1. Just checking, does the range 96-104 include any residue being touching a residue at least 40 places away in the same chain (Cβ under 8 Å) and touching an Asp or Glu at 6+ places or on another chain (Cβ under 9 Å)?
2. Considering only the range 7-32, state which residues are open to solvent by less than 50 Å² (accessible area, probe 1.4 Å), of a type outside the set (Phe, Trp, Tyr) and closer than 15 Å to LEU120 by Cα.
3. Considering only the range 96-109, how many residues are at pLDDT 90 or above and open to solvent by less than 60 Å² (accessible area, probe 1.4 Å)?
4. Just the residues that are in contact with a His (Cβ under 7 Å, 6 or more places away or on another chain) and of a type in the set (Gly, Ala, Ser), please, taken from the range 1-41.
5. So which residues in the range 37-78 are out of contact with any strand residue (DSSP E or B) (no Cβ under 7 Å at 6 or more places or on another chain) and of a type in the set (Val, Ile, Thr)?
6. So, ARG35, is that one under 17 Å from GLN123 (Cβ atoms) and open to solvent by 10 Å² or more (accessible area, probe 1.4 Å) or not?
7. Go through the range 30-40 and give me each residue that's in a helix (DSSP H, G or I), closer than 21 Å to GLY117 by Cα and of a type outside the set (Asp, Glu).
8. Only one of these conditions is not met by TRP4: (1) in a helix (DSSP H, G or I); (2) open to solvent by less than 10 Å² (accessible area, probe 1.4 Å). Which number is it?
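The values are calculated or read from the model by the stated rules, or taken from the named source; none is laboratory data. Predicted, not measured: the structure shown is a model, and the values here were computed from it. So basically every Cβ, Gly included, is an ideal-geometry build from the backbone, and we count neighbours across all protein chains shown. These accessible areas exclude ligands, DNA and RNA; they are computed on the full protein's heavy atoms, side chains included. Shrake-Rupley method; radii C 1.70, N 1.55, O 1.52, S 1.80 Å.
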Amino acid sequence: MEMWDIPTIKDFIDLCHNRQYEEVFRFAIHTGLRRSEICGLKWESVDLIDGRLRVERTLHSINGQGLVEGLPKTKRSRRNIPLAPETSNLLHSIKGGQLNKGLPTSGGAYVFTRPNGLPLVPQEVTKAFTGFVRENNLPHLTFHGLRHANATLQMAAGINPNVVSEGLGHSNISITLDLYSHV
């Protein structure tokens, strides 16, 4: 598995500052959500008061059908995730920015949108990430690798593997332990 070390992850976060998709990239590292889960996240699934979010839908781009909502990968992928203060602050900032632009932030409104308020196209996020990595001469990593970066940071911080596994929505802890035994 390709993986960035912790200094590279920190460099990446610094390099993303004030860049397109910065919020998406930072959120991916903060939460470990899959690309489809990030793109499908709606404000109705985010509780900024209690600092939690529910992963309950995905968004995919399907040829001939456009953007299609679906359910997360597995039953365990439908999960509640506590938000770290930094992640809550990020979401508050996103919501404030959307409110300032007159974009909806309730009901079926998406958390991560294009400037016009329409949902992100998952492939565009991946393309932007790949270009960003190349432009900044970072070691190769796929967008999905940000999910691995999140798990690596959690494991390196000594967070219980059961907690990491639940947050990632793995079907069982052995997947988490197999993937991140190097940490």
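1. no
2. GLU22, VAL24, ALA28
3. Residues that pass the stated criteria total 7.
4. SER36, the sole residue that qualifies.
5. Matches in the range 37-78: ILE38, ILE49, THR74.
6. Values: under 17 Å from GLN123 (Cβ atoms): yes; open to solvent by 10 Å² or more (accessible area, probe 1.4 Å): yes.
Spelling it out, ARG35 is indeed under 17 Å from GLN123 (Cβ atoms) and open to solvent by 10 Å² or more (accessible area, probe 1.4 Å).
7. ARG35, SER36, ILE38, CYS39
8. (1)
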